[in-house]
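Asks: Below is a structure I'd like to ask you about.
The values are calculated or read from the model by the stated rules, or taken from the named source; none is laboratory data. Everything numeric here is computed off the predicted structure, so don't read it as measured data. Heads up, the Cβs are rebuilt from the backbone with ideal geometry, glycines too, and the neighbour counts pull from every protein chain shown.
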């Protein structure tokens, strides 16, 4: 059995492809045009598809248009010998059903669907028993999901998280030369940052003769540089969350690695007395932000993603994801370079001092046991 799955939505396509993989050789494409091409190539090679599932709502060429094109190509073939085509839709209203049946579809699958529903539908209308073919499935490229997500990201089809607004406004204030009083008045709006700064200022490392009770007193004692560091940590920490418990440990370990690399980058730059164009702590904190974004996207796949494939795609694509995200957040080219090149200095031209610092700090903290999130079993 040879099957073609056509759906522009990644999660739905991967879910249906996984179900169909258990029934035979399955290929998946993300557009109507790609479906027509795959259909013609398979037909021309003498190994046509036995079944096609078409998502009804796709940009440029929707499922009904693809259905018409395929039936037009098959017009000289008896209907019972043609390809079985099933429309996948979220809304199976009467008009849609009539239109699709007139165009030549065999039946519908309504979203959301599960394996049992799909198999039951195929057994009833297409004569599939739900058993695997004896043929060995073709090997799958381990980074295919990461590659596909990256492609969709570049086309603007994935919503990236926003940088916490308090971080954006805080940086603007500091860059414009705001004084400590103005900074304190602004940060008061965030209770988490306020309480943390007061707590840190009263710790054994910073505490003076008297106890600080206000945010202004805390910032005055800590200084603007230390205040900035804690604002970055607290606001970025809010990004490292997921509702999928299977990914919680991985994301938590990734946060520990990012924080360790931030401190290591700062210490390395201070020991070597380097004058950097950007803050070493923040550079280290954000170097692996691409892994976070990928993990958050993968967490939405739930059972639909293979652990080996996820680990491989994290390794291959996290640098490019991080660079795209930091560009979106309007960070400087230095941040973008570090996100892109921290694992491979040969990609950078030239290699900056900032990149060398983060590269070394990254290796250092990993050697100390602060490994990255994808190494954790999910």
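Asks: In contact with a helix residue (DSSP H, G or I) (Cβ under 9 Å, 6 or more places away or on another chain), part of a strand (DSSP E or B) and touching a residue at least 60 places away in the same chain (Cβ under 8 Å) - does that describe any residue in the stretch 29-44?
Replies: No - not one qualifying residue is present in the stretch 29-44.
Asks: Hey, among the residues in the stretch 242-259 that are touching a helix residue (DSSP H, G or I) at 6+ places or on another chain (Cβ under 7 Å) and not in a helix (DSSP H, G or I), which one's nearest to residue 191 (Cα to Cα)?
Replies: Looking at the filtered set, the residue picked out is 242.
Asks: Being assigned by TED's automatic domain parsing to the domain that holds residue 292, at pLDDT 90 or above, farther than 24 Å from residue 163 by Cβ and touching a helix residue (DSSP H, G or I) at 6+ places or on another chain (Cβ under 8 Å) is the requirement here; does residue 216 meet it?
Replies: Working: assigned by TED's automatic domain parsing to the domain that holds residue 292: yes; at pLDDT 90 or above: yes; farther than 24 Å from residue 163 by Cβ: yes; touching a helix residue (DSSP H, G or I) at 6+ places or on another chain (Cβ under 8 Å): yes.
Taking the combined requirement at face value, the residue satisfies it.
Asks: Here is a follow-up. Please indicate, with yes or no, whether at least one residue in the stretch 322-330 is at pLDDT below 90, surrounded by 17 or more Cβ atoms within 10 Å (Cβ to Cβ) and more than 21 Å from residue 174 (Cβ to Cβ).
Replies: Yes, there is a match, as at least one residue in the stretch 322-330 is at pLDDT below 90, surrounded by 17 or more Cβ atoms within 10 Å (Cβ to Cβ) and more than 21 Å from residue 174 (Cβ to Cβ).
Asks: Just name the residue that is nearest to the chain's Cα centre (by Cα) out of those in the stretch 161-195 that are closer than 30 Å to residue 294 by Cα and surrounded by fewer than 12 Cβ atoms within 10 Å (Cβ to Cβ).
Replies: Across the stretch 161-195, the extreme among qualifying residues is 162.
Asks: Please indicate, with yes or no, whether at least one residue in the stretch 325-337 is under 16 Å from the mean Cα position of the chain (by Cα) and within 20 Å of residue 370 (Cβ to Cβ).
Replies: For the stretch 325-337, residues under 16 Å from the mean Cα position of the chain (by Cα) and within 20 Å of residue 370 (Cβ to Cβ): absent.
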